[in-house]
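Below is one structure; the comments refer to it alone.
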Amino acid sequence: MDYVVRGVRADEWPQARKLRLDALQDPAAPVAFLETYEDAVARPDAFWQGRTADAAEEGARWVRQFVAESPEGDWVGTVTVLVESPDEEPRFGEAVTVDQAHLVGVFVRPEVRGTGVADALFRGAVAWAWSLSDPRMERVRLHVHEKNPRAAAFYRKFGFRPSGRQIAAPGGRGEHELEYVLGREG
């Protein structure tokens, strides 16, 4: 099946909200996302409208959310790209030292896993990151929970490599998020 990977539009906040809530109900959600379903479902519409508008293709410069859409128009996956610069306040752990893109919020619906949707989403997200010229991205990174081997295997297959860096996973249980990086040369 052919899926279209594209940036979200600001008016698609109801679909973005539904996909995020579905992702937060996935069995892997506790190790894949930094928020809970209970917290997300309680957020008002204004939050979802702003979040989607901030990541929409119409004007987002430092963040872009991509979705994979089926031929029937169903959203079957998503990934968000955050642009990070040494000039900014740290978002995840320590300050960054290079201009980089950070992939977050990765989700593919269970019924389409293994069909190439994740690969298509990552190709679109990484291509967008590399297309930026001001600043020019030196690398793309992501974090994967140490107890999420399925995701780590996909990231390695795509070309990401462990950097050796890690941050504490939320929840105070002594677990870690491992940083994986993809250099410009792949």
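Tabulated results
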quantity	calculated
Cβ-Cβ under 6 Å pairs, at least 6 apart or on other chains, the range 86-100 side touching a residue at least 12 places away in the same chain (Cβ under 8 Å), far side assigned to a loop (DSSP other than H, G, I, E, B) and β-branched (Val, Ile, Thr)	Pro86/Val96; Pro86/Thr97
Filter result (within 21 Å of Phe33 (Cβ to Cβ) and part of a loop (DSSP other than H, G, I, E, B)) within the range 149-170	Phe160, Ala169, Pro170
Given (1) over 20 Å from Phe160 (Cα atoms); (2) surrounded by fewer than 18 Cβ atoms within 10 Å (Cβ to Cβ), number of the condition Arg109 does not satisfy	(2)
Among (1) touching a residue at least 40 places away in the same chain (Cβ under 8 Å); (2) part of a helix (DSSP H, G or I); (3) exposed (fewer than 12 other Cβ atoms within 10 Å of the Cβ) - the single one Asp22 does not satisfy	(3)
Tally of residues being touching a residue at least 12 places away in the same chain (Cβ under 8 Å), farther than 19 Å from Gly114 by Cβ and not hydroxyl-bearing (Ser, Thr, Tyr) across the range 67-84	4
Which numbered condition Arg51 misses (of (1) more than 19 Å from Phe122 (Cα to Cα); (2) among the basic types (Lys, Arg); (3) surrounded by fewer than 15 Cβ atoms within 10 Å (Cβ to Cβ))	(3)
Test result for Val117, in contact with a helix residue (DSSP H, G or I) (Cβ under 9 Å, 6 or more places away or on another chain) and surrounded by 14 or more Cβ atoms within 10 Å (Cβ to Cβ)	no
Helices (runs of 4 or more DSSP H) contained in the range 26-116 and holding at least 1 residues of a type in the set (Ser, Thr, Tyr) and within 16 Å of the chain's Cα centre (by Cα)	45-54
Arg173 touching an Asp or Glu at 6+ places or on another chain (Cβ under 7 Å), outside any helix (DSSP H, G or I) and over 11 Å from Ala32 (Cα atoms)	no
Residue list for the range 143-167, filter: in contact with a Gly (Cβ under 8 Å, 6 or more places away or on another chain) and among the aliphatic types (A, V, I, L, M)	Ile167
Flag if Ala10 is farther than 28 Å from Val181 by Cα, surrounded by fewer than 19 Cβ atoms within 10 Å (Cβ to Cβ), among the hydrophobic types (A, V, I, L, M, F, W, C) and touching a helix residue (DSSP H, G or I) at 6+ places or on another chain (Cβ under 8 Å)	yes
The range 117-148: number of residues that are assigned to a loop (DSSP other than H, G, I, E, B) and polar (S, T, N, Q)	1
Residues within the range 155-178 that are at pLDDT 95 or above and surrounded by 14 or more Cβ atoms within 10 Å (Cβ to Cβ), tallied	5
Condition check for Arg123: in contact with a Gly (Cβ under 8 Å, 6 or more places away or on another chain) and not hydrophobic (A, V, I, L, M, F, W, C)	no
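The values are calculated or read from the model by the stated rules, or taken from the named source; none is laboratory data. Please read all numbers here as calculations on a predicted model, not as lab measurements. Cβ: placed from backbone, ideal geometry, glycine included. Neighbour counts: every protein chain shown.
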